[in-house]
Amino acid sequence: MFEVDGATSAKYDEVIRRLTAIGQRVPDGQMYHICYGDKQRLQVINVFESPAKLEAFGAKLMPILQEMGITAKPAVFEIHNIIEGD
């Protein structure tokens, strides 16, 4: 989970565009990406296969966020269970 500050819907869309341009729209190891909340203060949950893959993606993501004036503080948790719908 990320505590995000400064991510409006327009900035979020631009971050996704930039990630897509560098081949990181769906980074290695990402299982789920959820963006939610008020369009003036969006929040994000990412589920990765491992902390190492999250860190590798973070090395590419964080410079983009800094350039866009967005801060994202991660809180990393191990998954106990996932139940998927049909």
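The table for this structure:
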| quantity | calculated |
| --- | --- |
| From V26, V76, residue being touching a residue at least 24 places away in the same chain (Cβ under 8 Å) and aliphatic (A, V, I, L, M) | V76 |
| Single unsatisfied condition, R17 versus (1) exposed (fewer than 15 other Cβ atoms within 10 Å of the Cβ); (2) part of a loop (DSSP other than H, G, I, E, B) | (2) |
| In the range 53-80, the residues that are at pLDDT below 95, out of contact with any strand residue (DSSP E or B) (no Cβ under 8 Å at 6 or more places or on another chain), under 16 Å from Q30 (Cα atoms) and not charged (D, E, K, R) | V76, F77 |
| Residue ID - most open to solvent (accessible area, probe 1.4 Å), chosen from residues in the range 27-56 that are in contact with a Leu (Cβ under 9 Å, 6 or more places away or on another chain) and closer than 20 Å to R17 by Cβ | Y36 |
| Some residue of the range 58-70 being more than 11 Å from the chain's Cα centre (by Cα) and part of a loop (DSSP other than H, G, I, E, B) | yes |
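The values are calculated or read from the model by the stated rules, or taken from the named source; none is laboratory data. Model, not experiment: these values are computed from the prediction. Positions of Cβ are backbone-derived with ideal geometry, glycine not excepted, and every protein chain shown enters the neighbour counts. Accessible surface areas use protein heavy atoms only, side chains included; no ligands, DNA or RNA. Shrake-Rupley method; radii C 1.70, N 1.55, O 1.52, S 1.80 Å.
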